[in-house]
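Working notes for the structure below.
A short reminder: the numbers here are calculations on the coordinates, not readings from a lab. Computed from a predicted structure; not experimentally measured. Note that we place each Cβ from the backbone using ideal geometry, even for glycine, and neighbour counts take in every protein chain shown.
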């Protein structure tokens, strides 16, 4: 099987990922009518805030955000599909729209990437973004019943399968399962992806995965350390493993360093522009001028293969990051001793 063009790029240099879709959409100050458009004018539930729906009702907004990040230097952009599953869209009464949302959003990203690529001749890639869901398999929402769950593993797998089918039918280059705070949800997503690739080998694409360390304890929301999290998903044929969201660069630094040490695959990182700060004009304290030097240090240490930004990051942040790491070589993949590795909340190597 020939090497995917995106994998070729990873061997050549540090790849630049885009920045935040949601916080950049907020700058448009869209009202309820803008989210509804004409198609959903009479929908029974308020739709403002359902950013995924904009791929259908305001595609020009989504394409503008994509194009701004591409022009700033992004090699890889994520589809606007963070909540585009039937389970998450059920909050808006749009669960039957999931497949169409993913096709539309992938189309927005593809058009933007192709247009910018045609203008400057530089290859661009589209990642189908697969978010964490509004429901979790590992945590009960009922304090009186720790065993209670809103969904089953099969329901989560089916929701992800539908989302991925839409993304792949619309021609994304890779799948990015991201912002993972529940590893069991991620396992359902991986199961869905591998199932789809077995059924449709012509649509097999590289798989990227990015977890979220939720606070300074260094653990995911479901309690795993970085090493335990990686061990839990290392059975899958991943192109990359990484971290994104929740933390700014200062807080995320030790966890990226650890991941770079233990993972024999590519490492990605896209932190927030700092921890949320209501006193900051943008809601986040890190400017392009303060964020980029920190990312450069990580690249100089040899920790990065893919880097971008999450909440609060703008095209200016991505431009500064791209310039900061331009002369830094990509992280060399370490050789990790083959051992029996197990994990629960902690990792164990025998």
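Overview of values
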quantity	calculated
Euclidean distance between Cα centres, the stretch 155-185 to the stretch 267-303, Å	27 Å
Order of 48, 122 - criterion: other Cβ atoms within 10 Å of each residue's Cβ, fewest first	122, 48
Virtual paramagnetic centre 7 Å along Cα→Cβ of residue 261, amide N under 16 Å, in the stretch 204-244	218-219, 225-231
Estimated 222 nm signal from helices in the chain, with DSSP H stretches of n ≥ 4 weighted -39500 (n - 2.57), rounded to 500	-12000 deg cm²/dmol
Relative exposure of 207, 342, 304, judged by other C-beta atoms within 10 Å (fewest first)	342, 207, 304
Spin-label pair residue 154/residue 214, simplified geometry with 7 Å Cα→Cβ offset, distance in nm	2.8 nm
Ascending count of other beta-carbon atoms within 10 Å, so fewest first, for 227, 3	3, 227
FRET efficiency, 1/(1 + (r/R0)^6) with R0 41 Å, evaluated for residue 280 and residue 336 via beta carbons	0.55
Pairwise FRET efficiency - residue 42 versus residue 4, Cβ, R0 = 35 Å, nearest 0.05	0.20
Cα-only radius of gyration and Dmax that characterise the stretch 5-349, units Å	19.1, 59
Simple label model, 7 Å out from Cα along Cβ direction - residue 287 to residue 327, nm	2.4 nm
